[in-house]
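Enquirer: A single structure is presented below for examination.
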Amino acid sequence: MAAAATEDEGIHASAILLLALGEDCAAEVFKHLSPKEVQRIGERMARLTTVADTQFDEVLARFETTVETQRSLVSDTGAYVSNVLKRALGEDKAGLLIDRIVQGRDVSGIESLKWMDPGAIAELIRNEHPQIVATILVHLDRDHASGVLSAFDERTRNDVVLRIATLDGIQPNALKELNDVLSKVLAGGDRVRKAPLGGPKTAAEILNFLGSGMDTTVLGAIRDGDSELAAKIEEQMFTFGDLLKLDNKAMQRLLREVNNDQLVVALKGAEPEMREKVFSNMSSRAAETLRDDLESKGPVRMSDVDAEQKGILKIARRLADEGEIMLGGGGDESFV
């Protein structure tokens with residue numbers, strides 16, 4: 001009870017602060033919050049028009065701000081929250097939250113699923129057609145969707161991921177079918193456009209969280225039917241930037257397999273953190289040589305950088321398949 005009360009106080013204080021900050025600042029804050037946090041704080045903001053002097057002072061004192069006594073924060077909190085959410089999330093993402101928070105509509109279906117336990121979601125949609133299940137899962141956070149997948153049997157799991165990987169957006173009629181299945185009332189149905197959801201990248205992101213050997217089984221099943229699609233998914237499952245997740249021993253093992261020219265080109269398009277990761281896992285002499293080569297190397301085409309990075313990733317995957325290194329992903333025993 002004490003923890004719940006503390007959390008509610010935090011939401012209340014956050015609402016007061018964001019209303020006091022103004023739309024531009026509040027929008028920037030919202031960009032860094034989860035959908036659930038946006039919803040809870042937004043609901044409180046929409047209900048809040050005035051605050052007591054003590055509450056206002058207490059909140060703003062944390063930020064060393066002097067305020068007036070009891071005041072009206074904004075004249076139209078509904079319009080304020082709508083504008084903040086649109087600026088932070090864009091028209092499409094903000095639409096459902098605006099209807100739920102500001103207009104008080106009961107938006108169920110997919111939006112409600114985002115706050116449900118993965119096991120409960122699996123039970124709810126277990127008997128639906130795999131295409132419907134795939135369409136639902138691409139709307140969820142990737143780790144959330146993988147939790148739902150884990151609750152299915154292997155055959156269903158394989159089928160659903162295959163459909164996710166081949167899904168090329170959601171048409172309005174598909175969303176209407178979801179309305180019927182989940183009794184969901186979408187706001188502005190006439191405004192619904194094809195959403196860029198699904199595809200190999202989405203399937204890969206979900207599989208990254210799946211882990212526990214299930215990701216390999218799913219990929220194998222997809223590869224049996226469409227090797228090209230499986231390759232596209234696998235390519236998205238572990239990117240060059242993800243090499244930052246390697247421990248030092250694994251990075252050192254990988255670097256022994258990569259020639260210097262290949263590494264120089266690959267690092268030309270890499271983030272500073274990746275370069276430092278590489279430098280720190282080399283001898284001081286080798287690191288100094290690599291730094292000099294990077295500085296002296298002229299402009300490199302991005303296509304060449306991409307090719308060399310993919311080449312290094314192939315080496316990393318081979319070493320992972322041989323049990324030499326472990327590539328980061330989801331689950332307890334996630335190998336790619």
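The values are calculated or read from the model by the stated rules, or taken from the named source; none is laboratory data. Everything quoted here is computed from the prediction, not taken from an experiment. Cβ atoms come from the backbone with ideal geometry, glycine included; neighbour counts cover every protein chain shown.
Enquirer: So which residues in segment 13-40 are without any contact (Cβ under 8 Å) to a residue 60 or more places away in the chain and farther than 13 Å from Leu89 by Cβ?
Expert: Hits for segment 13-40 are Ala13, Ser14, Ala15, Ile16, Leu17, Ala20, Leu21, Gly22, Cys25, Arg40.
Enquirer: Within segment 257-273, track down each residue that is small (Gly, Ala, Ser) and part of a loop (DSSP other than H, G, I, E, B).
Expert: Of the residues in segment 257-273, the ones small (Gly, Ala, Ser) are 266, 269-270.
Matches in segment 257-273: Gly269, Ala270.
Enquirer: Looking at segment 144-166, is at least one residue closer than 30 Å to Glu91 by Cβ, of a type outside the set (Lys, Arg) and modelled with pLDDT under 80?
Expert: Looking for residues that are closer than 30 Å to Glu91 by Cβ, of a type outside the set (Lys, Arg) and modelled with pLDDT under 80, one finds none in segment 144-166, hence no.
Enquirer: Right, another one. Looking only at residues that are surrounded by 12 or more Cβ atoms within 10 Å (Cβ to Cβ) and of a type in the set (S, T, N, Q) in segment 261-312, which one is modelled with the lowest pLDDT?
Expert: So, considering only residues that are surrounded by 12 or more Cβ atoms within 10 Å (Cβ to Cβ) and of a type in the set (S, T, N, Q), the one modelled with the lowest pLDDT is Gln309.
Enquirer: Spot the failing condition for Leu263; the list is (1) without any contact (Cβ under 8 Å) to a residue 40 or more places away in the chain; (2) closer than 18 Å to Lys310 by Cα, and only one is missed.
Expert: Result: Leu263 fails condition (1) only.
Enquirer: Limited to segment 16-38, what total is found for residues that are in a helix (DSSP H, G or I) and modelled with pLDDT of 75 or more?
Expert: 16
Enquirer: Further question: Can you give me the number of residues within segment 222-255 that are of a type in the set (A, V, I, L, M, F, W, C) and closer than 19 Å to Val138 by Cβ?
Expert: To start, the set of residues in segment 222-255 that are of a type in the set (A, V, I, L, M, F, W, C) comprises 222, 229-231, 233, 237-238, 240, 243-244, 246, 250-251, 254-255.
Next, only the ones that are closer than 19 Å to Val138 by Cβ stay: 222, 229-230, 233, 237.
Of the residues in segment 222-255, 5 are of a type in the set (A, V, I, L, M, F, W, C) and closer than 19 Å to Val138 by Cβ.
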